[in-house]
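Below: the structure, in C-alpha cells.
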Amino acid sequence: MANTEMMLANLARVGAAVRLRELEAEIQAIRKQFPGLDTSSKKAAKIERKRHRKLSAAGRARIAEAQRKRWATARQASASEAQAQGKRNGMSAAARKAVSLRMKKFWAAKRKAKAA
C-alpha cells in the first residue's frame, strides 16, 4: 500500500511538472504577443507603482481654512433661513392663564369621575 501511495505521489509530481512547463510556454507566447504586459520590465513596474503625493503643512492649512469658510457660510445661511421663517407667535400671558385654568378644571373633573 505504501508503494502505491509513493507511485501516485510520483505521478502527481511528474504531471505537475509537465503542466508547469506548459504554462511557462504559454506565458512566453503571451509576452511575445503583448510586450507591454511584461511585468518584469522596469517600465511596467513604473506604470503600476502608485505615487503618493505629500501635502505640505501650508497646503493642509489652506485646505482647512477653505473648509472652515464653507462651513461658516453654511451656518450663516441656515441661521438666516430660520430668521426668514420668523419666530412663532407665543401665547399672551392672559391666554396662557386661560389655558391653565381650563386644564385644571378638566383634570379636576377627570379625578372626580374616576373617584365616583
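Since every read-out is calculated from the coordinates, none of them should be taken as a lab result. For clarity, every value in this text was computed on a predicted model and none was experimentally measured. As a convention, Cβ positions derive from the backbone with ideal geometry for all residues, glycine included, and neighbour counts pool all protein chains shown.
Data overview
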| read-out | value |
| --- | --- |
| Potential lengthening between A58 and K110 on full extension [0.36 nm per residue; Cα-Cα distance subtracted] | 11.7 nm |
| Added length on full extension, which subtracts the Cα-Cα distance from 0.36 nm per residue, Q83 to A98 | 2.4 nm |
| E26/E5 FRET efficiency (R0 25 Å; Cβ-Cβ; nearest 0.05) | 0.20 |
| Neighbour net charge for L20 - beta-carbon separation under 13 angstrom, K R +1, D E -1 | 0 |
